[in-house]
Amino acid sequence: MMRLAFKSTLAVMAGAALLLAVAVGQYFRFFEQTWFHFGQWREADQREAASLWLPDYRAEIQAQPVEGIEDDLSALTFDPDRNTLIAITNGNPQLLELSLDGKLLRAIALVGFGDPEAIEYVSPGVYVVSDERPQRLLRVEVDEQTRVIDAATSQQLSLGIGQNGNKGFEGLAYDVVGKRLFVAKERDPVRIYEVQGFPYAPGDQPLAVHVTEDLERDADLFVRDLSSLQYDEQTGHLLALSDESRLVVELDIHGKPISTLSLRAGNHGLTADVPQAEGLAMGPDGTVFLVSEPNLFYRFRKGG
């Protein structure tokens, strides 16, 4: 009897310690955000000239439902060849093409994908899709005749880094010049990996795949999770989207946060919080596009 009581007490103490650790972690995230925002405005003049400077962005389309999609709208990338946006749904897996004002243009079935959570444009007609739970990346090709995309016929790379159930790969970004694929691990812990050597063109010999991480950069990310990434070729900066923190963070070439875009009501012209931000993309003119579950579309322009 005493042994059972002792075990019960230990369980209660362990639970309390876990809750305390979570609370402390969230407090320090809040403190870090507050300190950063103070510095962001204090150093605005010097930072603005060398960055995208997210504080100047304003929502010109917000919380617009994507007609034809009811739920599970996730991930987003800009296709410069088609001048459209590419998204995916993960409940009933589909690849979607959207206009720049959030209209559904077509839907392509994804077969053999367990839990697709991110998609990224790589080259004309070529994208990389991340399958979250098994932590695999898939190279897919799409043209005007494509009606179905089968994972079994796709070039694949399984990483299996720090597997943690439904807290795996949530975001992708691609550096065309550097041939780097950025892969975001959602949380526990938040990580951004850089992958080189994948994808490769059909017929080419597979290259040696190199996976690297920047622990100092990741430690400076004062967000609770990562939902999506976007790489800006002009500045070399990375945008990181956090659903739980309701924030987009701009990271400079050294991985240091330099500006933010809040997704809370009252900021950047938003009349309500963005409920569950899942996908982020940016056009060549700097326009920022965002999708949020269940099926909401947003567009932000600088000075808009």
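The values are calculated or read from the model by the stated rules, or taken from the named source; none is laboratory data. Keep in mind it's a predicted model, so treat the numbers as computed, not measured. Neighbour counts are summed over all protein chains in view; Cβ atoms, including those assigned to glycine, are modelled from backbone coordinates with ideal geometry. What goes into the accessible areas is simple: the full protein's heavy atoms, side chains included, and nothing from ligands, DNA or RNA. Shrake-Rupley method; radii C 1.70, N 1.55, O 1.52, S 1.80 Å.
A few points about this structure:
- In a fully extended conformation the segment linking residue 150 and residue 196 would gain 14.2 nm over its present Cα-Cα distance, using 0.36 nm per residue.
- For segment 87-157 and segment 190-248, distance of Cα centres in Å: 18 Å
- A Förster radius of 22 Å, combined with the Cβ-Cβ distance separating residue 211 from residue 188, puts the computed FRET efficiency at roughly 0.75.
- Ranking of 247, 100 by solvent-accessible surface, largest first: 100, 247 (1.4 Å probe, protein heavy atoms only, all chains present).
- If the chain linking residue 219 and residue 273 were pulled fully straight, counting 0.36 nm for each residue of separation and taking away their Cα-Cα distance, it would gain 16.8 nm.
- FRET efficiency, residue 64 to residue 265 (Cβ-Cβ, R0 22 Å, nearest 0.05): 0.85
- Which of 146, 116, 84, positive extreme of dipole for segment 67-197 (C-beta unit charges): 116
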